[in-house]
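The structure follows.
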């Protein structure tokens, strides 16, 4: 990492002057925490007692037999409290908020898991909480909105722009500028201005630390490949960090949507539709046109349709340390169905992108090798989208009956 949060040409902190002091305070607090020998043990202890850490590494015997290649393991971030890896980051940032003496937190969310995690953290620490969520995502992730509100958070449906994650981020930054003395913005992924990419990666690195130790315990050797879905990049950076210095291939899987040639996808690192630009406080690859205007994105998974990507992952693409692929909506539904039927696990639609690429490549490896898929979240939040994708008649009948009851 270079000065002021640069990863070669990516990253940085492009801030309005009014926010500079707030970011300086955040960076100083983060540095002090990292340098405090008691901080990480306190963080790990909190996660152990509150969020099921360490999460298991599950050997998928049936899938391994089905594909006939490498042994397939799943890192079970879906078993975290609130159902995804998001808890790792928000609880860590909650400890920093307490150190700064602030009493209110705000957050953006797409799939809703980060919003639920932030609202949970706020309830745990006694903070006021406001969540910004695009109107489109509010509609397709209604169960998560329900739980955020039950946890005491105020949920604002953002109606500007394309009404998805990037618009929620813009609205959250507007709030922060007006309330920075009392409020901390709990950015949910490894994007945004420095120190957020580094800070989110630091807290999510608990995934990779555990996974490396666990695979060595059961296999006695490192895996050949690690697979993780890539939206902003937090779960990918979390597990990749544990193996960065090892001879292990790291594979990030983006949202291929309706296909990379369709114009309806959210692939920044393996499509021709992205270019380097500066937006939302940092420099990375964005899906933008020749004039720098952000393009609309599409994914069956609400958490993967962000228009940018972590500057750390952008750099790791440029250096060749991480290989990137894209999975289409159709492939994701097929992989999700297979994982459910063969192993009884229900990955989130986001996580299922990683399963797609792992399933394609596992057969080409030998039975002596192993791979790890980071199951970054659980799929119950996706019940509406998944039921529609499976065209389930029983689900449709249930929804119709419920609608009739409400309108009776």
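Based on the alpha-carbon gyration tensor of segment 289-371 and its eigenvalue square roots a ≥ b ≥ c, which shape applies: rounded if a/c is under 1.5, prolate if not and a/b is larger than b/c, or oblate?
Note, shape of segment 289-371 comes out oblate.
Still on this structure: Does segment 182-303 classify as rounded, prolate or oblate by the C-alpha gyration tensor (a ≥ b ≥ c root eigenvalues; a/c under 1.5 gives rounded; else a/b over b/c gives prolate, otherwise oblate)? Show your work: numbers first, answer last.
Working: a/c = 2.47, a/b = 1.48, b/c = 1.67.
Verdict is oblate for segment 182-303.
Would you order 331, 350 from fewest to most other beta-carbon atoms within 10 Å of each residue's own beta-carbon?
Numbers: 331 20, 350 33.
Ranking 331, 350 by Cβ neighbours within 10 Å, fewest first, gives 331, 350.
Gain in length, residue 128 to residue 278, computed as 0.36 nm per residue apart minus the alpha-carbon separation, to one decimal in nm?
Details: separation 150, 0.36 × 150 = 54.00 nm, distance 3.13 nm.
Full extension of this stretch gives 50.9 nm more.
To continue, here is another question. Would you mind classifying the chain by shape? Square roots of the alpha carbon gyration tensor eigenvalues, ordered a ≥ b ≥ c; an a/c under 1.5 is rounded, otherwise it is prolate if a/b is larger than b/c and oblate if not.
rounded
Between 75, 34, 396, which gets the highest mean-square fluctuation from a Gaussian network model of the chain, Cα cutoff 10 Å?
Its mean-square fluctuation being the largest, the pick is 396.
If you don't mind, there's one more thing I want to ask. Subtract the Cα-Cα distance of residue 181 and residue 244 from 0.36 nm times their separation in residues, and report this length gain in nm to one decimal.
So the chain would gain 19.0 nm between residue 181 and residue 244.
Could you grab the relative contact order for segment 96-162? Cα pairs under 8 Å, six or more apart, rounded to a whole percent.
33 percent
Same structure again: Arranged by the count of other C-beta atoms within 10 angstrom, fewest first, what order do 180, 244, 91 take?
244, 180, 91
Let me ask another. I want the antiparallel fraction of DSSP beta bridges within segment 1-148, as a percent rounded to 5.
Within segment 1-148, antiparallel bridges account for around 50 percent of the total.
What is the distance, in nm, between label points placed 7 Å from the Cα along the Cα-to-Cβ direction at residue 4 and at residue 384?
According to this spin-label approximation, the distance is 4.3 nm.
Another one. Rounded to the nearest 0.05, what FRET efficiency is calculated for residue 139 and residue 295 with R0 set to 30 Å and r the Cβ-Cβ distance?
0.90
Among 89, 235, 144, determine the one that fluctuates most according to a GNM of the chain built with springs between C-alpha atoms less than 10 Å apart.
Looking only at 89, 235, 144, the largest GNM fluctuation is found for 144.
Separate question: Could I get the Rg over Rh figure for segment 1-158? Both from C-alpha atoms, Rh via Kirkwood, rounded to two places.
Values: Rg = 18.6 Å, Rh = 17.9 Å.
That ratio equals 1.04.
Now, a different point. In what order do 306, 185 fall by count of nearby beta-carbon atoms within 10 Å, going from fewest to most?
So the ranking, lowest neighbour count to highest, is 185, 306.
I want to check the label-to-label distance for residue 61 and residue 25. Put each point 7 Å from Cα in the C-beta direction and report it in nm to one decimal.
With each label point 7 Å from Cα toward Cβ, the separation is 5.5 nm.
Residues of segment 254-271 with backbone nitrogen within less than 16 Å of a virtual label 7 Å along the Cα-to-Cβ line of residue 360, please, listed as ranges.
Counting only backbone N, you get 254-262, 265-271.
Test of understanding: in a Gaussian network model of the chain with alpha carbons linked when under 10 Å, which of 21, 190, 397 would top the mean-square fluctuation ranking?
Greatest mean-square fluctuation among the candidates belongs to 397.
On to the next question. Would you please give the FRET efficiency between residue 404 and residue 264, computed as 1/(1 + (r/R0)^6) with r the Cβ-Cβ distance and R0 = 25 Å, to the nearest 0.05?
Approximately 0.15, to the nearest 0.05.
Put a dot 7 Å past each Cα toward the Cβ at residue 36 and residue 159; how far apart are the dots in nm?
Between residue 159 and residue 36, the label points sit 4.3 nm apart.
Please report the antiparallel percentage of the DSSP beta bridges confined to the chain, to the nearest 5.
35 percent
A short reminder: the numbers here are calculations on the coordinates, not readings from a lab. Values in this document were obtained by computation on a predicted structure and should not be read as measured data. Cβ sites come from the backbone with ideal geometry, for glycine too, and all protein chains shown count toward neighbours.
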